[in-house]
1. Mind checking which residues of region 165-206 are touching a strand residue (DSSP E or B) at 6+ places or on another chain (Cβ under 8 Å) and without any contact (Cβ under 8 Å) to a residue 24 or more places away in the chain?
2. Given region 26-102, what strands (runs of 3 or more DSSP E) lie entirely inside it while holding 3 or more residues that are under 23 Å from residue 183 (Cα atoms) and at pLDDT 95 or above?
3. Being under 25 Å from residue 77 (Cα atoms) and either modelled with pLDDT under 95 or assigned to a loop (DSSP other than H, G, I, E, B) (or both) is the filter here; which residues of region 145-175 pass it?
4. What single numbered condition from (1) in the same structural domain as residue 320 (by TED's automatic domain parsing); (2) modelled with pLDDT of 95 or more; (3) surrounded by 18 or more Cβ atoms within 10 Å (Cβ to Cβ); (4) touching a strand residue (DSSP E or B) at 6+ places or on another chain (Cβ under 9 Å) fails to hold for residue 229?
5. Given the conditions (1) out of contact with any strand residue (DSSP E or B) (no Cβ under 7 Å at 6 or more places or on another chain); (2) closer than 18 Å to residue 104 by Cα; (3) buried (at least 18 other Cβ atoms within 10 Å of the Cβ), which single one is not true for residue 148?
6. Is there a residue in region 179-187 that is surrounded by fewer than 16 Cβ atoms within 10 Å (Cβ to Cβ) and over 30 Å from residue 130 (Cα atoms)?
7. Any idea which of 223, 213 is on the phi > 0 side of the Ramachandran plot and in the same structural domain as residue 312 (by TED's automatic domain parsing)?
8. Of the conditions (1) in contact with a helix residue (DSSP H, G or I) (Cβ under 7 Å, 6 or more places away or on another chain); (2) over 25 Å from residue 377 (Cα atoms); (3) modelled with pLDDT under 95, residue 141 clears all except one; give me its number.
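The values are calculated or read from the model by the stated rules, or taken from the named source; none is laboratory data. Everything quoted here is computed from the prediction, not taken from an experiment. Here Cβ is always computed from backbone atoms with ideal geometry, including for glycine, and neighbour counts include all displayed protein chains.
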């Protein structure tokens, strides 16, 4: 087990244990790191436990604020992990347990039940529509009953809150919406034009060609295949668009084969995981999000903050960020034809592309880290 204790380990402040599956490069993980880094260390004594091996974001965690534990689970339902949570609750006299994502909710609930001390329990949900029937069944039979035991449930956008409240009315009184937020100063388009030009050239984009960015881990629910089919339709219409893929994951090999079969490989650039996607976001003309199950995408927020128009599926809270015809376009889920039509429209109407770009940053200015930290801090103090 990996442990890092902050030097300031006094007894002042409310003691909070965050439980998160991993510190991989994902939206929920980045949101928690930003949240912990932003919380006042005099008001909160913060502990963070992860139980998967991925620690990509560990260098970005403010180690002066947090006692960090990594306790890799040995199998899917390893109750030794819950016993470790119970131990931390008892030894550190934890006041609040904060779990993020459903599997952390399971382990956190079991650990709280095993502990002699019973801290308040807040859980954060990052899903709206489940990726398949199996996950829907898990919600009904396991996770929703566990949510009923929580003191508060955090939804990461208003649309998600409304969806869960309609679907499970008996949870409605516990749900509060706190939007994901990003560092607006960090994600500012301050990259020199000369550097952008070099990046575009390295990605194979010629002068006047549309360069589209996709920032997403390669997993089935991210819907890359719909983006590929949209690109194929754009090319078949005689238009030119290149796509740069930022991310990696389990479906990469199958997606590479699909691109070969579709004859679009020469129009794709695979960058893999990037610790800092900002230079590439600065170089692209627009960002595409093709996931049919998205809730409130950090990648979309970052793109819009960088002044990049977004074409995205109308899922979860996407419509709270992407305003159709103002800073981008919304399309139906699993609709590559609709995506292709919007891409072609922006190739043909460069003025609309520039107008969307000029309006993008201001449209998401209120979704910032400071507001997310303030609202979560208030909830932790008042639960």
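1. Answer for region 165-206, where residues must be touching a strand residue (DSSP E or B) at 6+ places or on another chain (Cβ under 8 Å) and without any contact (Cβ under 8 Å) to a residue 24 or more places away in the chain: 165, 175, 177.
2. Those strands (runs of 3 or more DSSP E) span 44-50, 96-100.
3. Answer for region 145-175, where residues must be under 25 Å from residue 77 (Cα atoms) and either modelled with pLDDT under 95 or assigned to a loop (DSSP other than H, G, I, E, B) (or both): 148, 149, 150, 151.
4. Among (1) in the same structural domain as residue 320 (by TED's automatic domain parsing); (2) modelled with pLDDT of 95 or more; (3) surrounded by 18 or more Cβ atoms within 10 Å (Cβ to Cβ); (4) touching a strand residue (DSSP E or B) at 6+ places or on another chain (Cβ under 9 Å), the lone unmet condition for residue 229 is (4).
5. Result: residue 148 passes all but (3).
6. So far as region 179-187 goes, yes, one or more of its residues are surrounded by fewer than 16 Cβ atoms within 10 Å (Cβ to Cβ) and over 30 Å from residue 130 (Cα atoms).
7. Step by step, each of 223, 213 is checked, and only 223 is on the phi > 0 side of the Ramachandran plot and in the same structural domain as residue 312 (by TED's automatic domain parsing).
8. With (1) in contact with a helix residue (DSSP H, G or I) (Cβ under 7 Å, 6 or more places away or on another chain); (2) over 25 Å from residue 377 (Cα atoms); (3) modelled with pLDDT under 95 applied to residue 141, the lone miss is (1).
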